[in-house]
Every structure is written in C-alpha cells, then in structure tokens.
Amino acid sequence: MAINSEVYLGLAPDLAAQNVTLVAVSKMKPAEDIMSMYDLGQRDFGENYVQELVEKEAVLPKDIRWHFIGHLQRNKVKYIVPFVHLVHGVDSEKLLKEIDKESAKQNKKTRVLLQMHIAQEETKFGLTEAELKNIDPAMYPNVEICGFMGMASASDKEAQVASEFDYLKNVFELFQKQHSGCSVLSMGMSGDYKLAIAHGSNMVRVGSLLFGRREYNA
Ligand SMILES: *Cc1c(COP(=O)(O)O)cnc(C)c1O
C-alpha cells in the first residue's frame, strides 16, 4: 500500500499556484498513508465517516486540518465539533441547527459549507434553491457559513458536468453578495477537478488519484 507520491508532488504546487486548496480525501485509507502525504507537506485531509475520522484524528498530528466531506447524521455532530476544520456537506436546515446547538454547547464556532443539489442523479444529497432561500445565517451564531460544496453528475458528458459547476458558481456568487465571509467553493474530485477549477472552484477534493483505488471489501 503506497500513495502516489509523484502525482501528489506534481499536483500540490500546481493547485497552490492557482490558489486552489487541495483536500486529500483519505477515506478508507490507513493512517500510515496519511502520514506519508503529511510528510510531503499536505495538511488538509478529507474523511467521509465520523467514526473513522475520530479514530484517525486521535493518532495523527494535531496540525492536520480535517474536512468532513460525507453525509453527516445529526446524532454524530457532537463527535466532530471539537476539532473539525470544515464541514462540507450541510444539506438541511435541521443539520445546520444541530451544528449550531452543539457548537454552542462546546463553546466553538464551526465552519461549514452548504451542499447544493446540482447533479441529475436523485441520490446525491443537497439543498434546493428554495431551501437555501429559507436559511438565514444570522440565526446560527455558532456556525460560520464559509461557502458551498457540490458533487456533479458522475458522467463523462463534459457539457453536462460543466453546466452543473456553473450553476453552483452562480449560487455561490449571489450568496457572496449578500453575506460577507463566504469565500469557499468546493467542487471537483479526481475525475473532474480540472473542469471544476476552470468553472470557478477554489477547493478540490481528490482521493483515488492520490491514494489509489479504494477497496470496498467488508
Ligand atoms: C470520496 C469522495 C471524494 C473523492 O473522490 P475521488 O474520486 O476518489 O477523488 C470527493 N468528494 C466526496 C464528497 C467524496 O465522498
């Protein structure tokens, strides 16, 4: 098991030069692989599962910035509030409320991204525009809404994926005009990060390209 060091060493400076934050998605990869990339200079890592994240956080260096990029259940919010750097997938007002409540309890301010539904697939999570309109950031004093996250259709139709990215960029820019402090646009993964950056992304979540394929055996 080894990380793709050469790919990382090519990609990291290239993204830095474009002011794009690279979140290395380490889900289902062992702590040793994270350490290998940490030793190459990487500090932003993304995880999808609360228990896995909590276990890794406990044994890895404290200057890692942990991004929670999965679907977050409300009853698990309390476990990540103590240390999480950014929660990407806030896809309901109920979840936002829970993060606010738990952050207040733990005397924290939690940074989040709102996840919009941009893909054609029914299964992808996210807010609709109508749901977004109902969200008043002032009602969540212990949460800082830093921007938006989206997952495009898993499609090789470039025009389709590009239009989904454009849509999210428009939502982001409109929100930015109304609310200060909103600066992050998280879109793009191993297969579509270049296209995402060309369409305005400033944070990409890249897993398999850096860590190799994930094995989903039980
Ligand atoms: C797994 C995952 C990624 C990384 O996917 P790759 O295709 O391996 O780069 C990015 N974002 C989210 C939300 C994910 O769940």
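The values are calculated or read from the model by the stated rules, or taken from the named source; none is laboratory data. If you're wondering where the values come from, they're calculated on a predicted model, not measured in any experiment. Heads up, the Cβs are rebuilt from the backbone with ideal geometry, glycines too, and the neighbour counts pull from every protein chain shown. Calculation scope for accessible area: heavy atoms of the full protein, side chains included, ligands and nucleic acids excluded. Shrake-Rupley method; radii C 1.70, N 1.55, O 1.52, S 1.80 Å.
Starting from the Kirkwood Rh over alpha-carbon pairs, what translational D in µm² s⁻¹ does the chain have by Stokes-Einstein at 37 °C and 0.692 mPa s? It diffuses with D of about 186 µm²/s by this estimate.
Could you give log10 I(q)/I(0) at q = 0.14, 0.22, 0.24 Å⁻¹ for the stretch 81-155, computed by the Debye formula over C-alpha point scatterers of equal weight, without solvent? At q = 0.14, 0.22, 0.24 Å⁻¹ the computed log10 ratios are -0.44, -0.94, -1.06.
Taking the square roots of five times each eigenvalue of the Cα gyration tensor of the stretch 1-119, the equivalent ellipsoid has semi-axes of 26, 17, 13 Å, listed largest first. Measuring spread by the Cα atoms of the stretch 121-170 yields a radius of gyration and Dmax of 13.5, 41 Å. Legend: residue pairs LYS29/LYS157; LYS27/LYS108; LYS94/LYS133, Cα-Cα distance threshold 20 Å; pairs beyond threshold, LYS29/LYS157; LYS27/LYS108. With a cut-off of 14 Å between beta carbons, the residues surrounding ALA162 carry a summed charge of -2, where Lys and Arg count +1 and Asp and Glu -1.
In the context of the full set of protein chains, residues of the stretch 1-67 present 49 Å² of accessible surface per residue (probe radius 1.4 Å, heavy atoms only). For the set THR123, THR128, the ranking by accessible area, highest first and with no ligand, DNA or RNA atoms included, is THR123, THR128 under a 1.4 Å probe.
Based on alpha-carbon centroids, what's the gap between the stretch 105-123 and the stretch 175-218 in Å, whole number please? So the two Cα centres are separated by 14 Å.
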